[in-house]
Amino acid sequence: MKTLAISGKGGTGKSTLSALIIRWLKDNGAGSILAVDADSNVNLNDLLGIEVKESVGSIREEMRKSVGQLPASMTKQQFLEYKIHTSLVETPNFDLIAMGRPEGPGCYCYANNLLRDILKTLSTNYEWVVIDNEAGMEHLSRRTTQNIDYLLIISDPSARGIQAAGRINRLLAELNTRVGKRHLILNRVRNARGNSASETLRSIIDKEGLNLIASIPEDEQLLELDQTGNPVWSIPQDSLVYQAVNSFMNKLTDRGKNGV
């Protein structure tokens, strides 16, 4: 089993790239895939074109309100785990579990811990786990995402964005989070080619100690899907953004050498 986590500040396109990576894995015969929407603002399912009825957060809230009405044969923890397993959305291409945000003070920390614990069980059933993280460093600082094979830190092509990516990278070192490979991706870059960046941005990237693996171009086809509310799962393989994902995922996974 391999785990790929996507992180970065808000508005950089993490969820869109997560959906495109899941699509790429399916297109390239990567085996069974678990998609994890670890963002409290659930939207990965919309980008993938599926419906989510329950999230970890909503289940936690339901449990809090009906704690005295649980089945007599089950403990609270057993019933909670059962409910979370039944919230898993299964499709022919991938399965998905969503974090969500419950109401009330303190609930988010608890839901965070639930997601971490349930992933330990669920992930053993899949060849790939792709985690779309909360904006910033929330899930990394709470160690929700551990034993990561690949971490992609997404940034816009700006000095402040790259500096924010550098802070995420340094946090990982401080927490001793187990990450195999860490890479920076610049998203929505004008006239992007490969892992190109301007001389100024390249200097900041080097100063932050980041490894730039790809610059994703602006793509009119992707923009049209977003404006019409259609899932990015349906984007053509010859689109600029899918071709960019294809390029960096081939590098990342050494496809052709070790496969995916």
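Assorted remarks:
- Directionally averaged projected area (the range 1-64, Cα convex hull): 5.4 nm².
- The lysines whose alpha-carbon is closer than 28 Å to the alpha-carbon of Lys207, local same-chain residues fewer than 8 away aside, are Lys9, Lys14, Lys181, Lys251.
- Ranked Glu62, Glu81, criterion: other C-beta atoms within 10 Å, fewest first: Glu62, Glu81
- Within straight-line reach of Lys76, meaning a Cα separation under 29 Å, sit the following lysines at least 8 residues removed in sequence or on another chain: Lys53, Lys65, Lys120.
- In sequence order, the range 155-160 has phi-based couplings of 9, 7, x, 9, 4, 5 Hz under the Karplus curve 6.51 cos²θ - 1.76 cosθ + 1.60, θ = phi - 60°, and Gly or Pro positions carry x.
- Order by protection proxy (mean Cβ within 10 Å, highest first), peptides 151-158, 27-34, 45-52, 16-23: 16-23, 151-158, 45-52, 27-34
- Cβ-based exposure ranking for Phe94, Phe79, in which fewest neighbours within 10 Å come first: Phe79, Phe94
- Here's how it looks for Leu212: its modeled amide H is under 5 Å from those of Leu184, which are all 5 or more places away or on a different chain.
- Considering only beta bridges that DSSP places wholly inside the range 2-253, some 10 percent are antiparallel.
- Here the Karplus curve 6.51 cos²θ - 1.76 cosθ + 1.60, taken at θ = phi - 60°, turns the phi angles of the range 196-206 into couplings of 6, 7, 5, 4, 5, 5, 4, 5, 5, 4, 5 Hz, with x standing for Gly and Pro.
- Over the range 2-253, the fraction of Cα-Cα pairs per 10 Å bin, rounded to whole percents and listed from the shortest bin up, is 7, 31, 35, 19, 6, 1, 0.
No value in this document is a laboratory result; all are computed from the given coordinates. Only a predicted model underlies this, so the values are computations on that prediction, with no experimental measurement involved. Virtual Cβ from ideal backbone geometry, glycine too; neighbours counted across all protein chains shown.
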